[in-house]
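Here the structure is laid out as structure tokens; the discussion comes afterwards.
No value in this document is a laboratory result; all are computed from the given coordinates. Keep in mind the model is a prediction, meaning the values are calculated, not measured. All Cβ positions, even for glycine, are placed from backbone atoms using ideal geometry, and neighbour counts span all protein chains on display.
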Amino acid sequence: MQIPGAAQSGETTMGTSGPKTRRLSPPRGNWGQSTTHLPAPMNQAEKENGLKTLAHPLVPPPTPKKQRTSAGEDNKDNKFCWEVGQEFHGFVFHVDGEIAKEIARNIHKLPVSTTVHKRLIYFCDASIRSTCGAAGVVWQKSFGSSKWTGMGFHYPESTVSSATFELFAISCTMQMAIDDINTDRGTVVQNQPVDTALFQQHSAHTFSHLHNLTKEVFIFTNDWNALRRIDGTLAYDPEGDMACHVEAISTHSKTLSELGVHVELHLSPGHSAVPGNNAADRVAKRKVRIAMAEMAVHELLTARHLEK
């Protein structure tokens, strides 16, 4: 797999250490029974006029958290993704706090619908040191395993925008999902432990039980504002560093949709002892260290060459 502009590292195995995207409260479904009650996409008039009127009540978005942002973040020329044709083809869930932690920690125990034969679950994170950044993407080594396998991606340019790195991490993860979805990895294993009670309690925070597709992808990030940019509730500079990654995420989501994949993006709160988030953080930091070491060696060799 090649992600444009990204320098990749090999896999690492670790032990455990209009604009408004629908945030709906659907009726409780039955894992094990296929239903098809997902909300229909909004047309352009509905996007311009505000929220679509639906049978299910909307869940109010959580209060934004402080985040280090790029210069010009509040620029009046900023656009929402739907204004520049970069809508996300899938579902974005904004639930935060303890519910988000519970879902992230137990996502591998999410009951599997009888129609689903492939389920891919990824956690991604970004790390920045000085102006050097990288993304880390991890997944369980095997279904139900406590060990994680990961891959790091060096961001090819210098920037101090953590928001850009987080979007880059999600884009890398979605490209991996495209490459992995038709491989053996992620094939559903029967008789794995599930927590039906937990996910019935939180049935408003996943649509896994409401579709009739055969493939699913779940991606977890610890950047709440990245999710808002992706689903069109937070504007960004369409000419800035973030724009190309929002565009890539939109393109990847469309590809997955065309492949018949149900895609969900979720928040995994950082510093919350979520194994997947911790593993992704380690991979990202390791890739940054490797990238900085390689840059130092390159600078040293260049200096020696100039001295000759």
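The table below lists the values:
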item	result
The stretch 126-187 and the stretch 219-253: distance between their alpha carbon centers, rounded to Å	15 Å
Rough spin-label spacing in nm, given labels placed 7 Å along Cα→Cβ, for residue 131 and residue 196	5.7 nm
Among 100, 139, 288 the positive-end extreme of the charge dipole of the stretch 81-307 (Cβ point charges)	139
Options 236, 222, 276, ranked by Cα towards positive dipole end of the stretch 81-307, top entry (Cβ charges)	276
Charge sum, other residues only, whose C-beta stays under 12 Å from residue 158's C-beta, Lys/Arg counted +1 and Asp/Glu -1	-1
Net charge of Cβ neighbours under 12 Å - reference residue 105; Lys, Arg +1; Asp, Glu -1	-1
Cα centre as origin, Lys/Arg/Asp/Glu Cβ charges: the stretch 81-307 dipole, Debye	940 debye
Rg over Rh [alpha-carbon atoms, Kirkwood Rh] for the stretch 81-307	1.00
Sites residue 115 and residue 244 - FRET efficiency at Förster radius 41 Å, r taken between beta-carbons, to 0.05	0.70
Listed residue pairs exceeding 24 Å between alpha carbons, taken from 141/215; 118/254; 109/254; 118/285; 215/285	109/254; 118/285; 215/285
Dipole magnitude (debye, nearest 20) for the stretch 213-261, charges at Cβ of Lys, Arg, Asp, Glu	220 debye
Shape category assigned to the stretch 248-297 from the gyration tensor of Cα positions, a/c cut at 1.5	oblate
For the stretch 230-246, Karplus couplings with θ = phi - 60° (6.51, -1.76, 1.60), whole Hz, Gly/Pro x	5, 8, x, 10, 9, 7, 8, 6, x, 10, x, 5, 6, 4, 5, 7, 4
Cα convex hull of the stretch 167-280 - mean projected area over all directions, nm²	8.5 nm²
